[in-house]
Amino acid sequence: MGVSESGVSGPRRRLVMGNWKMHGNLAGNAALLAGLRAGVDSVGNCEVAVCSPFPYLAQVQSILQGSAISWGAQDLSVHAQGAYTGEVSGAMLGDFACRWVLAGHSERRALHGETDQLVADKAAAALAAGLVPVVCVGETLDEQEAGRTDEVIARQLAPVLALGAQAVGQIVLAYEPVWAIGTGRTATPDQAQEVHAGIRALLSALGVPGVRVLYGGSVKAANAASLFAMPDIDGALVGGASLVAEEFLRIAAA
Ligand code: PGA
């Protein structure tokens with residue numbers, strides 16, 4: 001197997017990705033993107049990306065093209081085309097030069113009934129369209145309190161790992177404990193590292209130890225450095241704090 005986009009055979013380059021969720025408007029996005037573009041050169045050796053709502057991808061592309069910032073979407077269809085009203089295909093995202101697409105964010109799993117298998121199918125559809133899927137996994141508060149974190153992550157990852165080493169070597173994973181998303185409650189660096197190390201062990205068993213594993217859940221400039229100091233945390237998936245250019249760039253610089 002060759003070197004994947006995730007950097008299988010080299011040191012893992014840090015990736016900080018914003019997930020705007022269902023936020024934004026043309027005027028606000030223009031200001032945010034201009035701020036990111038103006039400041040990205042000061043963040044050092046960290047890859048920076050944003051995932052916007054579908055209608056703004058053309059705007060994101062036109063403002064960010066030629067910059068060091070890449071972009072993507074927050075979801076895609078498992079289907080390539082056809083009678084699927086309201087769905088958006090990977091090829092359509094490719095038309096707007098998306099590099100990334102989230103798959104299986106916990107809000108989609110919880111609010112839109114996305115199953116572990118569907119998420120894996122979306123990851124496969126993304127790869128087929130030439131996109132890098134960022135597959136999100138994470139346990140709920142109840143699951144964490146019941147000591148079931150490892151079991152839940154392993155279950156969520158199973159159909160993704162079943163895509164095989166060649167596919168998994170090209171993806172990015174994000175560990176986002178549901179109890180930490182948008183709550184201001186972050187996993188401690190040690191808590192997150194423990195889960196990331198478990199995920200790394202599963203990746204190593206598959207022969208792709210270099211896949212990047214991001215942490216997500218209330219990441220801010222104030223806690224980013226301590227999370228990034230952990231050996232198996234390769235960056236962050238950032239929700240709320242990605243909507244403010246200065247704060248987001250401070251996370252990337254951490
Ligand atoms: P948050 O969201 O940073 O606002 O907690 C993270 C995410 O849902 O990706």
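The values are calculated or read from the model by the stated rules, or taken from the named source; none is laboratory data. A quick note: this is a predicted structure, and the numbers were derived from the prediction, not measured. Ideal geometry is used to build each Cβ from the backbone, glycine not excepted, and the neighbour counts take in all protein chains shown. Just the protein is used for accessible areas: all its heavy atoms, side chains included, with ligands, DNA and RNA removed. Shrake-Rupley method; radii C 1.70, N 1.55, O 1.52, S 1.80 Å.
Cβ-Cβ below 8 Å, separation at least six or inter-chain, first residue in region 9-24 and more than 12 Å from Y56 (Cβ to Cβ), second at pLDDT below 95 and open to solvent by 30 Å² or more (accessible area, probe 1.4 Å): which pairs?
If the second residue must be at pLDDT below 95 and open to solvent by 30 Å² or more (accessible area, probe 1.4 Å), the pairs left are S9/V3; G10/V3; R13/N45; R14/N45.
Considering only residues that are more than 14 Å from L206 (Cβ to Cβ) and within 16 Å of the ligand (Cβ to nearest atom), which ones fall in region 133-152?
Once the filter is applied, which keeps residues that are more than 14 Å from L206 (Cβ to Cβ) and within 16 Å of the ligand (Cβ to nearest atom), region 133-152 yields P133, V134, C136, V137, G138, E139, T140, L141, Q144.
Kindly provide the set of residues from region 114-147 that are open to solvent by 50 Å² or more (accessible area, probe 1.4 Å) and within 21 Å of R99 (Cα to Cα), ordered by number.
L118, D121, A128, G130
Which of the residues belonging to region 166-176 are within 11 Å of the ligand (Cβ to nearest atom) and surrounded by fewer than 24 Cβ atoms within 10 Å (Cβ to Cβ)?
Those that are within 11 Å of the ligand (Cβ to nearest atom) and surrounded by fewer than 24 Cβ atoms within 10 Å (Cβ to Cβ): none in region 166-176.
Go through the residues of region 237-251 one by one and say whether even a single one is within 15 Å of the ligand (Cβ to nearest atom), among the charged types (D, E, K, R) and in contact with a Leu (Cβ under 8 Å, 6 or more places away or on another chain).
No, there is no match, as no residue in region 237-251 is within 15 Å of the ligand (Cβ to nearest atom), among the charged types (D, E, K, R) and in contact with a Leu (Cβ under 8 Å, 6 or more places away or on another chain).
When residues of region 177-227 are filtered for being of a type in the set (K, R) and closer than 16 Å to L161 by Cα, how many remain?
The number of residues fulfilling the criteria is 2.
Which residue, of G138, G104, G130, G86, is more than 13 Å from G72 (Cβ to Cβ), at pLDDT 95 or above and out of contact with any Pro (no Cβ under 9 Å at 6 or more places or on another chain)?
G86
Answer yes or no: is there a residue in region 179-188 that is at pLDDT 95 or above and not polar (S, T, N, Q).
The answer is no, given that none of the residues of region 179-188 is at pLDDT 95 or above and not polar (S, T, N, Q).
Can you name the condition, by its number, that N19 falls short on among (1) more than 25 Å from A224 (Cβ to Cβ); (2) in contact with a helix residue (DSSP H, G or I) (Cβ under 8 Å, 6 or more places away or on another chain)?
The one condition N19 does not meet is (1).
List pairs: first residue in region 177-189 and touching a residue at least 40 places away in the same chain (Cβ under 8 Å) and near the ligand (Cβ under 10 Å from one of its atoms), second residue open to solvent by 30 Å² or more (accessible area, probe 1.4 Å) and of a type in the set (G, A, S) anywhere in the structure, Cβ distance under 8 angstrom, at least six positions apart or on different chains.
V178/A110; G182/G240
Somewhere in region 154-165, is a residue in contact with a Leu (Cβ under 8 Å, 6 or more places away or on another chain), modelled with pLDDT under 95, open to solvent by 20 Å² or more (accessible area, probe 1.4 Å) and over 21 Å from R108 (Cβ atoms)?
So far as region 154-165 goes, no, none of its residues is in contact with a Leu (Cβ under 8 Å, 6 or more places away or on another chain), modelled with pLDDT under 95, open to solvent by 20 Å² or more (accessible area, probe 1.4 Å) and over 21 Å from R108 (Cβ atoms).
Restrict the check to region 191-211 and report whether at least one residue is open to solvent by 20 Å² or more (accessible area, probe 1.4 Å), in contact (Cβ under 8 Å) with a residue 12 or more places away in the chain, small (G, A, S) and within 12 Å of the ligand (Cβ to nearest atom).
No, because not a single residue in region 191-211 is open to solvent by 20 Å² or more (accessible area, probe 1.4 Å), in contact (Cβ under 8 Å) with a residue 12 or more places away in the chain, small (G, A, S) and within 12 Å of the ligand (Cβ to nearest atom).
Report whether or not L163 is away from the ligand (no atom under 16 Å from the Cβ) and in a helix (DSSP H, G or I).
Criteria not met by L163.
In region 219-233, which residues are in contact with a strand residue (DSSP E or B) (Cβ under 9 Å, 6 or more places away or on another chain), within 15 Å of P177 (Cβ to Cβ) and within 12 Å of the ligand (Cβ to nearest atom)?
Of everything in region 219-233, those that are in contact with a strand residue (DSSP E or B) (Cβ under 9 Å, 6 or more places away or on another chain), within 15 Å of P177 (Cβ to Cβ) and within 12 Å of the ligand (Cβ to nearest atom) turn out to be V219, L227.
Got a sec? Which of I199, I233 is over 19 Å from A38 (Cβ atoms) and assigned to a helix (DSSP H, G or I)?
Within the list I199, I233, the selection yields I199.
Out of curiosity, is V78 on the phi < 0 side of the Ramachandran plot, among the β-branched types (V, I, T) and under 15 Å from the mean Cα position of the chain (by Cα)?
It is false that V78 is on the phi < 0 side of the Ramachandran plot, among the β-branched types (V, I, T) and under 15 Å from the mean Cα position of the chain (by Cα).
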